[in-house]
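Have a look at the structure below, then the notes.
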Amino acid sequence: MVEMQIAARGINNFRILQAMRKIPRHLFVPEPYRKAAYEDRPLPIGEGQTISQPYIVAFMTELLDPQPEDHILEIGAGSGYQAAIIGLLSSRVTTVERLPNIAELARSNLKKAGIANVEVVVGDGTLGWPDHAPYHGIIVTAAAPDIPSPLIDQLADGGRMVAPLGGRGLQELVKIVKRGAYLERTYHGGVMFVPLIGRYGWREEML
Ligand code: SAH
């Protein structure tokens, strides 16, 4: 998976490739799909949600650029796989999940994988998680119409944020670097994510 889907497509950050080699993706995939755990695609995890495609996990991690001392905030824990990868690359991860059963799934997957520095919390991640702010990096793993403003407030100066922004069907990966009052934005291609549902995301009744 790492050689053919990730390194071959130009991700060459050694720490990220090592982290992807260390975390067994099949531990994060439910039984009926386990045989497909190392294939080049997202897979269902229940309640209409998905574990992201391995390449997208690697690419978003590269954009986020987590450092060993960093505390990272993830919005959308899902299976816990993306958080596990970031957990190996930073000191601490807080990941917010809207659906309590999915949060429980993420906790149990992370435990099986032996990851102890990721905390899974239940809530509306469009509000961020103010308790531990500011974060050195924020990664949003569900699709939003625009960046939820609380996340900008909770990003440290010099911090990075990565999010899929756009419409319901297709989004663009956007990276933001906070420089004082100024936000530097770069664009990194088309992706498809499940919707970010909440106060500063999509409204559930409109889906
Ligand atoms: N990062 C995950 C994939 C996430 S799928 C992985 O590695 O497996 C997107 C997740 O975002 C879903 O679990 C969905 O329930 C969650 N989500 C959607 N809206 C949310 C919100 N407002 N706050 C927190 N989680 C949300």
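The values are calculated or read from the model by the stated rules, or taken from the named source; none is laboratory data. The structure displayed is predicted, hence computed values, not measured ones. All Cβ positions, glycine included, derive from the backbone under ideal geometry; neighbour counts span all protein chains shown. For accessibility, only protein heavy atoms count, side chains too; no ligands or nucleic acids. Shrake-Rupley method; radii C 1.70, N 1.55, O 1.52, S 1.80 Å.
Tabulated results
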| read-out | value |
| --- | --- |
| Karplus-derived 3J(HN,Hα), 6.51/-1.76/1.60, for each residue of region 154-160, Hz, glycine and proline x | 8, 8, 5, 4, x, x, 10 |
| 3J(HN,Hα) from dihedral phi, region 35-42, Karplus parametrisation 6.51/-1.76/1.60, rounded to Hz, x for glycine, proline | 4, 8, 4, 9, 7, 7, 7, x |
| Longest segment of the chain lacking GluC sites (Glu not before Pro) that sit in a DSSP loop with at most 14 other Cβ atoms within 10 Å | 70-207 |
| Ala116-Phe14 FRET efficiency (beta carbon distance; Förster radius 30 Å; 0.05 resolution) | 0.80 |
| Relative contact order (%) - the chain, alpha-carbon pairs under 8 angstrom, separation at least six | 15 percent |
| DSSP-defined antiparallel bridges as percent of all bridges, the chain, nearest 5 | 45 percent |
| Gaussian network model of the chain, springs between alpha carbon atoms under 10 Å - residue of Asn12, Asn117, Asn109 with greatest fluctuation | Asn12 |
| Loop-resident sites, region 167-207, for trypsin sites (Lys or Arg not before Pro), counting at most 15 other Cβ within 10 Å (DSSP) | Arg168, Arg199, Arg203 |
| Cα centroid separation - region 180-207 against region 69-101, whole Å | 17 Å |
| Global geometry of region 1-109, whether rounded, prolate or oblate, following the gyration tensor of its Cα atoms and the 1.5 cut on a/c | oblate |
| For the chain, calculated [θ]222 nm from helices alone, where every DSSP H run of n ≥ 4 adds -39500 (n - 2.57) | -6500 deg cm²/dmol |
| Accessible area of the chain divided out per residue, in Å², using a probe of 1.4 angstrom | 45 Å² |
| Region 37-160, accessible surface, carbon-and-sulfur percent (1.4 angstrom probe) | 52 percent |
| Of Val122, Val96, Val140, the one that fluctuates the most in a GNM where the chain has Cα springs shorter than 10 Å | Val122 |
